[in-house]
Each structure stands twice: as structure tokens, then as C-alpha cells.
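Below: one structure, written as C-alpha cells.
No lab work stands behind these numbers, since they all come straight from the coordinates. None of the values given here were measured: they were computed from a predicted structure. So basically every Cβ, Gly included, is an ideal-geometry build from the backbone, and we count neighbours across all protein chains shown.
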Amino acid sequence: MRLVSLDSLYRFVTFITQRLFQSIFVLFGLSILIFTIARVLPGDPARTALGARAPQEVVDRLRAEMHLDEPITVQYTFWLTDALRGDFGDSLVTRRAVTTDIAEFLPASLELVLFAGIITAVGGVVLGTISAQHKDTWIDNVIRILSYAGVVTPAFIFAIIFLLIFGLALDWLPSIGRLSEGIPKPPVVTGLITVDALLAGQFGTFWDAFQHLILPGVALSLGSLAQEARITRSTMADNLSKDYIAAERALGIPDRVVMTRFLLKPSLIPTVSIFALDFAANLANAFLVELIFNWPGLSRYGVNAMLRKDLNAITAVILILGVIFILVNIVVDLVVSALDPRIRLRTARSD
Amino acid sequence: MSAQTPILDIKNLSVHFRVYGGVLKVLDGIDFHVFPGEKVGLVGETGCGKTTTMKAILRVLPTPPAVIPNGEILFKGQNVLKMSERKLLDMRGQGISMIFQDPTSALNPVFTIGQQLEAVIRHASPQNHRLSRSAIEQRARLALREVALADPDRLLNSYPIQLSGGMRQRVCIGMALSTDPELLIADEPGTALDVTIQDQVLRLLQRLVDEKQKSVILITHTLGIVRQTTDRVYVMYAGNMVEVAPTKRLFAKPAHPYTQGLMAAVPRLSGGGISEGIPGRIPSYMNPPVGCRFHTRCPYAMPVCERLKPPVFTVDDEAHQVACFLYDAPDKVQAYKQEQVAV
């Protein structure tokens with residue numbers, strides 16, 4: 001037994017190292033791509049930043065400062081040398097270091113997307129399972145129709161509806177920002193207010209922050225939740241007619257155990273893979289939701305940067321999204337191989 | 001033997017499948033029984049409803065689409081179709097257990113052999129449910145040793161894809177026997193394996209059921225296996241039981257034209273080459289032929305066969321029964337044949 005676990009630990013470390021090594025190249029490629037795209041777009045960032053009435057010589061000075069008058073390869077070299085030292089430049093809009101901005105806005109987005117992810121995972125799997133177990137009955141049909149509605153409706157529509165109904169008309173839940181006025185912010189550990197509040201033992205703050213999360217979180221999650229429900233339902237319904245399920249039932253294992261253990265595990269594999277894509281997509285989709293609920297998140301910051309041609313901010317935001325995307329995919333690959341020995345053993349053999 | 005009450009008694013069972021575009025009438029009122037300790041064979045070509053019958057007995061047919069419009073399945077006098085969930089769980093495993101046709105699809109690919117086998121043992125009876133983890137593991141090891149699998153410890157931690165086809169089949173047999181069932185259903189065991197491995201597996205199975213004095217239903221389309229291992233044989237065609245007889249009698253004197261065709265289709269080393277088999281194929285279950293379902297392929301078909309479903313007639317004695325108008329009273333058969341001339 002000991003040998004087996006050492007062996008799997010070794011495989012685990014190798015896998016992580018390989019993937020992290022590969023992702024260096026991915027990020028390098030991504031940086032070149034986004035750097036180029038941001039610069040070939042029409043419009044002069046220095047002019048945009050200084051305003052239409054700024055004198056030409058001031059604009060020229062800023063252009064020189066930002067190396068915008070040099071060839072793009074030289075610009076990239078400057079940027080890369082700084083970036084490798086952890087300096088991603090200043091934002092033209094906020095006039096602060098881009099890293100400071102990201103440190104401020106990223107946790108807000110992460111908190112929102114993580115919360116939406118939890119709702120997606122739990123809700124999607126539960127609805128999908130119920131649907132599969134009541135396949136072709138009215139329950140299945142109701143869930144199916146709701147799922148289609150969820151898939152085709154953009155998150156900002158839900159956001160607006162929720163804001164109007166639950167935030168304004170009924171006034172059940174707060175709908176602006178991350179915390180109510182007068183509530184003290186917890187000391188920053190993770191940047192996720194709910195988590196930090198719990199760590200500091202400030203349960204009042206936690207409850208307030210949690211309430212602020214509900215409307216934007218649910219609005220953001222519904223699309224992916226519906227998607228997960230559909231996928232879980234169809235994989236489960238498929239697997240339900242597999243011989244091994246009939247065999248397990250025929251040998252006297254109670255249906256409850258068969259459904260929640262022997263059917264659920266093989267059926268979760270596609271759901272988990274799609275979840276990764278949805279999670280990363282939600283980071284970007286969060287833009288309009290953040291805008292509607294005045295949520296100080298990274299997506300809103302990123303889109304503003306693009307509208308104003310804030311070059312350094314654009315590049316940094318895209319790279320951060322790239323890093324998150326890569327991390328989520330590594331985690332998902334680990335989860336999938338934990339669920340499916342066929343994948344795990346195949347990789348082990350090919351090593 | 002016929003004085004005993006059967007352990008399993010199926011009466012006039014029909015199973016239909018509601019599918020897009022209609023209803024598949026797969027089982028069409030079959031009768032079937034097994035006496036305690038008896039080894040019963042069930043033969044018929046692929047798609048004739050053998051596996052459906054067995055899944056119906058254990059109530060593991062997916063419903064919907066399957067529906068059971070009529071019939072009774074009595075296991076030790078109790079109607080399986082009306083059993084409560086509790087009773088059903090008692091029957092499955094301990095009462096009846098089943099070895100599925102294809103060991104590759106009958107094992108859950110994402111659980112280890114140990115996880116699956118131990119779950120089966122744990123849920124086999126309320127007493128087992130109270131056993132400790134290590135006691136269950138001990139039972140699982142025993143179950144694997146019993147089917148001649150070496151190194152059970154390693155196997156318990158293995159996943160199905162790490163095993164060869166023969167090993168998987170042994171695991172399935174071990175799993176089915178681990179609950180110590182009164183009646184074992186073996187659905188074409190070894191068909192998915194190559195001939196030598198299949199032979200080993202069948203010998204093993206035969207030895208185990210002999211030792212343990214189990215009642216057995218052996219489903220196969222290999223007549224040689226039936227001849228060696230069973231006491232009595234049912235022949236099934238397109239959802240109908242067409243003939244039943246003690247094994248020796250059936251092979252000596254097959255009565256139903258379909259059974260005769262099956263026997264003739266077996267290639268023999270001494271015979272003149274490969275036979276042609278029975279022309280045609282199993283009819284559609286959506287619109288099965290009216291009357292006898294075999295009449296479209298039967299060399300002796302008479303007009304009456306197209307009109308009426310043949311009842312069961314006795315050949316020689318009660319033990320040998322056949323559903324074919326050729327075995328009606330001789331004068332009636334004469335009349336049927338003349339009718340044919342008249343047309």
C-alpha cells in the first residue's frame with residue numbers, strides 16, 4: 001500500500017510540474033498576442049488619457065515615456081523586462097500601478113465567480129440528477145424547459161430582473177456593492193470579504209457580505225447551472241441503461257446506493273469538464289453583472305481599460321485571466337483523473 | 001421432480017417496450033419454471049428476449065420504456081411484480097443473482113473490483129450489513145479465491161480495465177455467487193471470451209454450482225453447452241417459448257421446426273460442411289407476424305399458422321411440450337393440411 005501511494009504522489013508532482021512548465025509557454029504566447037492586438041487597435045492611448053485639449057507636446061512626451069514611438073518589438077522587450085520583475089506599468093486611467101489595481105479588483109470578481117461556481121455545481125448536479133431519475137415525466141420536462149430558458153438567457157437579463165424585483169420592488173436583498181455602508185471591512189487576508197469576515201470572526205460582516213453576493217451570484221450562475229443540469233441529466237440517463245447499473249441492482253444493492261454512488265461518479269466526468277469552461281467564461285461574463293450591481297470587480301475594470309485603450313491594464317487583466325484559466329484547467333484535470341481511473345491509468349502507462 | 005413446487009414460476013408474462021413510433025411487443029405471454037436444484041437451459045438466437053426475461057425476473061428492466069401488461073413471476077410463491085422494495089432487495093442477491101452477458105460492461109469502470117464486490121456483499125443481507133470493514137474484505141477475498149483468481153489483494157484494488165476478459169468474467173461469477181443465491185442466472189457466460197477461456201470459465205461455473213447445489217438458469221446459444229450442463233431446456237423464438245423438454249429428449253427428438261432448424265445449424269466435425277442455418281431472421285417486434293411468430297420462416301407452415309397463435313401441445317408426455325400446430329391431434333393436423341390444399 002505504501003508503495004502505491006508514493007507512486008501516485010510521484011505521478012501527482014510530475015503532472016503538476018509538467019503542466020506548470022507548459023503554461024509558461026502558453027502565457028508567453030498570450031502576452032505577445034494581447035500586446036500586439038492592443039497596440040494595433042486604432043486610437044492613440046496617450047491622447048485618450050490626456051484628453052482632446054492637451055497640448056501636442058505633452059502628448060508626445062507621454063508617448064516617449066511609454067515608448068509608443070518605438071517599434072513594437074522594442075516596446076514588447078521593455079514591457080517584458082519590467083513584467084518579469086513584477087512591474088506591469090501604470091494604468092492610464094487610475095494612474096496607479098496596474099498590480100495595485102488588480103490586487104484590489106481581482107478578489108471581488110473571484111468571490112463573485114466562486115460563489116456562482118458553487119451554486120452552479122450544486123444546483124446543476126442536483127437538478128440533473130432529479131431530472132435523470134424522473135426521466136420523461138413532467139418533472140424532467142419542467143427542469144428541461146427551465147434549463148433551456150437558463151441557457152439562452154444572458155446573465156445580464158437575470159441581473160436586471162433580480163435587481164428590479166428583489167432589490168428594488170421587494171427590497172429583500174441589497175443590490176449595490178459588496179458591503180452596506182457603515183459595516184467595517186474585515187482585515188484583508190484572501191480579499192474575499194465573506195472569507196475574511198469569517199476568519200476574523202465578524203459574523204455580522206459575513207452575513208452582510210453574503211447577502212450582497214446573492215443577487216449577482218445567482219444571476220451569474222443561472223446560465224452555467226442550466227448547462228450543467230442538462231449535461232448531468234443526459235450522462236446519467238445514458239449510464240442508467242448501462243449493464244453495470246442493472247448488474248449492481250440485480251445483485252441486491254439498494255437503488256439509493258446505486259444512484260448516489262455507482263451512477264453518480266461515472267456521470268460526473270463530463271459535468272466537471274464543462275464546469276471548468278463555464279467557470280472561466282463566467283469571469284469574463286461577469287462584466288455586465290458587475291456593472292449592474294456596481295460590483296467593484298476585475299471584469300468591469302478590464303472592459304473599462306479596453307474602452308479607454310489603457311494598454312498596461314488590458315495586457316495585465318488578460319494575462320491574469322489566462323493564469324486563472326490555466327489553474328482551473330489543471331484542477332479540473334486532477335478532478336477528472338481522480339474520478340476516472342481509465343484516464344489516470346492511461347497517463348501512468350504512457351509515462 | 002414435478003411433484004415439487006417450482007422455486008421460480010413465470011406465467012403468461014408479456015413485456016412491451018414503448019418507444020418512439022410504437023410499441024415493441026418483445027415477450028408475448030411466456031411460461032417458464034425452475035424447480036429447486038434444477039439446471040435449466042434457455043436457448044434461442046440473439047434478440048429473442050432471453051435477457052429481457054431475466055431482467056424482468058429481477059425487475060431491473062428500465063421502466064419506462066419497458067411495461068409489463070400481463071403475467072406473473074412467482075419466486076418461492078411470491079409475485080415479484082408486486083413485491084415491496086424491501087422484499088425485492090431481499091430477493092435480489094440472496095434469492096436470485098445474475099451473471100451478465102458481457103463482463104466488460106457489467107463492471108462499473110470507475111470503481112475498483114473491491115469497492116463493487118464489497119458493496120454487493122455488504123448489501124446481501126441484514127447480517128452482512130452489520131459486519132466490520134475487514135470482515136467484508138475477508139469475504140471479498142474468499143469470493144475471488146473461489147473463482148480461482150490468484151492474488152485477491154491486488155485484484156481488490158484494481159479497476160476493471162486492468163483485468164483481462166477472462167479475469168473480469170471470473171470476477172462477475174464470483175460477485176454473483178458471493179451472495180450465496182438460491183437461484184443463479186447465467187446469461188451467456190463467456191460468449192465475449194475466446195473459446196479456450198470460455199471453456200475454462202464454464203467448467204469452473206459448472207463445478208461451483210454442482211458443489212453448492214444451486215438452481216441455475218443457463219442462457220446460451222451454444223447448444224453443446226446446454227447438452228452437457230442442463231436437466232431441461234426451453235427454446236425461445238421471438239418472444240415466445242416454442243418448446244420445452246428434458247435435455248436428452250430435446251436433443252434426441254426435437255419437435256418444433258425452429259428447434260430442428262437450430263440443431264441442424266450446428267456445424268459438425270463429421271458432417272458435410274457448414275449447414276445453411278434457418279433462412280430469414282427474427283421478425284420485427286413492432287409488427288410481429290400474426291399467428292405463430294415463426295411461420296414466416298417455417299418450412300412446414302400451414303394457413304392456420306398465419307391466423308392463430310399455436311397453443312401448447314404435449315409430445316409423448318407432459319415433460320415435452322411444444323407450441324406448434326403440427327402436434328395437434330392427428331385428425332386436426334390432417335384438416336389443417338387439407339385447408340392448405342384448398343387455398
* Asked: If contacts are Cα pairs under 8 angstrom and at least 6 residues apart, what is the relative contact order of chain B in percent?
  -> 19
* To do: Identify which of B:54, B:302, B:175 has the largest mean-square fluctuation in a Gaussian network model of chain B, with springs joining Cα atoms closer than 10 Å.
  => B:302
* **Convex hull (Cα only) mean projected area of the range B:8-342, reported in nm² to one decimal** => 19.3
* Can you pull the percent of Cα pairs in the protein assembly as shown with separation above 43 Å? -> 46
* Helix B:133-146 axis, angle to chain B major axis (alpha carbon atoms, nearest 10°) -> 50
* Asked: Where a ≥ b ≥ c are the square roots of the eigenvalues of the C-alpha gyration tensor, would you call the range A:98-307 rounded, which needs a/c under 1.5, or, failing that, prolate if a/b is larger than b/c, or oblate?
  -> prolate
* Step through the residues of the range B:323-336 one at a time and calculate ³J(HN,Hα) from phi using the Karplus curve (6.51 cos²θ - 1.76 cosθ + 1.60, θ = phi - 60°), rounding each to whole Hz and writing x for Gly and Pro. => 9, 7, 5, 4, 9, 5, 3, x, 5, 5, 4, 4, 5, 4
* Report, in whole Å, the centroid distance computed from the Cα atoms of the range A:88-129 and the range B:1-71. => 58
* Once the Cβ-Cβ distance between residue A:306 and residue A:152 is put in as r, and R0 is 22 Å, what FRET efficiency do you end up with, to the nearest 0.05? -> 0.25
* Going through the range A:45-126, which trypsin sites (Lys or Arg not before Pro) have at most 14 other Cβ atoms within 10 Å and a DSSP loop state? -> A:53, A:85, A:95, A:96
* **Cross-link pairs beyond the 21 Å C-alpha cut-off, checked among B:87/B:212; B:39/B:76; B:25/B:253** => B:87/B:212; B:25/B:253
* Asked: Classify the range B:1-132: rounded, prolate or oblate, from the alpha-carbon gyration tensor (a ≥ b ≥ c, eigenvalue square roots; a/c under 1.5 rounded; otherwise prolate if a/b is larger than b/c)?
  -> oblate
* Sorted by average packing, counted as other Cβ atoms within 10 angstrom per residue and highest first, what order do B:146-155, A:126-135 take? -> A:126-135, B:146-155
* Label-zone membership for the range B:76-103, site residue B:129, 7 angstrom Cα→C-beta point, backbone N under 16 Å -> B:84-95
* To do: For chain A, return all DSSP H helices satisfying: extent of Cα atoms along own axis at least 30 Å; mean Kyte-Doolittle hydropathy at least 1.0.
  => A:2-40, A:98-133, A:264-292, A:311-339
* Would you please give the residues with an amide H less than 5 Å from that of residue B:185, counting only those at least 5 places away or on a separate chain, with H modeled from the backbone geometry? => B:97, B:98, B:99, B:217
* Asked: Percent relative contact order of chain A, based on C-alpha pairs within less than 8 angstrom and at least six residues apart?
  -> 25
* Which one of A:251, A:298, A:277 has the biggest mean-square fluctuation once chain A is modelled by GNM with Cα springs under 10 Å? -> A:251
* Among residues other than residue B:289 whose Cβ falls under 13 Å from its Cβ, what is the net charge (Lys/Arg +1, Asp/Glu -1)? -> +4
* Asked: If you count, for every residue in B:96-108, the Cβ atoms of partner chains within 10 Å of its Cβ, what is the mean?
  -> 4
* In degrees, nearest 10, range 0 to 90: what is the angle between the Cα axis of helix B:165-177 and the longest Cα principal axis of chain B? -> 90
* Quick one: work out Rg over Rh on the C-alpha atoms of the range B:100-184, Rh as Kirkwood radius. => 0.94
* To do: Sum -39500 (n - 2.57) across every DSSP H segment of at least 4 residues in chain B, then divide by the residue count to get the 222 nm mean residue ellipticity, nearest 500.
  => -10000 deg cm²/dmol
* Asked: Using the Karplus equation 6.51 cos²θ - 1.76 cosθ + 1.60 (θ = phi - 60°), what ³J(HN,Hα) coupling, rounded to whole Hz, does each residue of the range B:88-94 give in order, writing x for Gly and Pro?
  -> 4, 5, 5, 5, 5, x, 6
* **Inter-label distance, nm, simple model (7 Å from Cα along the C-beta direction), residue B:210/residue B:337** => 4.5
* Evaluate E = 1/(1 + (r/R0)^6) for residue A:39 and residue A:118, where r is the Cβ-Cβ distance and R0 equals 35 Å; express this FRET efficiency to the nearest 0.05. => 0.35
* **Under-5 Å amide H pairs with residue B:42, H placed in peptide plane, nonlocal only** => B:218, B:219, B:220, B:234
* **Candidates A:169, A:108, A:197: whichever shows maximal mean-square fluctuation once chain A is modelled as a Gaussian network with Cα springs under 10 Å** => A:169
* Under-5 Å amide H pairs with residue B:241, H placed in peptide plane, nonlocal only -> B:31
* **Rounded FRET efficiency, nearest 0.05, which uses the C-beta distance separating residue A:277 from residue B:79 and R0 of 56 Å** => 0.65
* Rounded to the nearest 500, what is chain A's calculated 222 nm mean residue ellipticity when only DSSP H runs of at least 4 contribute -39500 (n - 2.57) each, over all residues? -> -25000 deg cm²/dmol
* **Part-to-part distance (alpha-carbon centres) for the range A:198-240 and the range A:274-351, which is given in Å** => 17
* Restricting to the protein assembly as shown, what percent of DSSP beta bridges are antiparallel, rounded to 5? -> 60
